[in-house]
1. Summing +1 for each Lys or Arg and -1 for each Asp or Glu, what net charge is found among the other residues whose Cβ lies under 15 Å from the Cβ of Ser75?
2. Only four residue types carry charge here, +1 at the Cβ of Lys and Arg and -1 at the Cβ of Asp and Glu. Report the dipole size of region 1-85 about the Cα centre in Debye, rounded to the nearest 20.
3. List the trypsin sites (Lys or Arg not before Pro) within region 43-85 that fall in a DSSP loop (any state other than H, G, I, E or B) and whose Cβ has at most 14 other Cβ atoms within 10 Å.
4. Which loop GluC sites (Glu not before Pro) in region 46-91, with loop taken from DSSP, have no more than 16 other Cβ atoms within 10 angstrom of their Cβ?
5. Under the Karplus relation 6.51 cos²θ - 1.76 cosθ + 1.60, θ = phi - 60°, what is the ordered set of whole-Hz ³J(HN,Hα) values for region 33-39, x standing for Gly and Pro?
6. Whole-Hz ³J(HN,Hα) for each residue in region 3-16, computed from phi via Karplus 6.51 cos²θ - 1.76 cosθ + 1.60 with θ = phi - 60°, x for glycine and proline: what do you get?
7. Can you give me the long-range amide H partners of Gly6? Hydrogens built in the peptide plane at 1.01 Å from N, cutoff under 5 Å, separation of 5 or more residues or another chain.
8. How large is ³J(HN,Hα) for each residue in region 71-82, as worked out from phi by the Karplus curve 6.51 cos²θ - 1.76 cosθ + 1.60 (θ = phi - 60°), to whole Hz, x for Gly and Pro?
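Bear in mind these aren't lab numbers, they're just calculated from the coordinates by the rules spelled out. Since this is a predicted model, take the numbers as computed values, not measurements. Because the Cβ atoms are built from the backbone with ideal geometry, glycine has one as well, and the counts that use them run over all protein chains shown.
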Amino acid sequence: MELYNGHIDHFIEDTTQNRISSELSTAFFNYYGYNPSPAEKMSWTNSLRCVKDVFQHTGLHDHGIMLEYQLPLSSRRLDCMICGTDEREAGNAVI
């Protein structure tokens, strides 16, 4: 389970338009049945703005992104995972 997944360009747009925290909050509520804390929402807003800036400056526009990916058999979540293919078309993920 992840709270957000999509193409990096969509993530950049959602973050630029200040929608990313709202989208994550809605997905969080739909999955867990309660709202995330204000501190978690602020963390998403601040940290993901920096992630967006990195994507814009590095040109990673042909990749996918997953946010708040829950690890199987655990309550732990990965903050961000980038998925795509390399020059040989082999699948890769970066956490």
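1. The answer is -2.
2. Charge dipole, region 1-85, about its Cα centre: 240 debye, nearest 20.
3. Arg76
4. Taking region 46-91 and a limit of 16 other Cβ atoms within 10 Å, the loop GluC sites (Glu not before Pro) found are Glu87, Glu89.
5. These are the phi-based 3J(HN,Hα) values: x, 8, 7, x, 5, x, 5 Hz.
6. Couplings: 7, 8, 8, x, 7, 4, 4, 5, 4, 4, 5, 4, 6, 4 Hz.
7. Amide H neighbours of Gly6: Ile65.
8. 5, x, 6, 8, 9, 7, 10, 7, 5, 8, 10, 9
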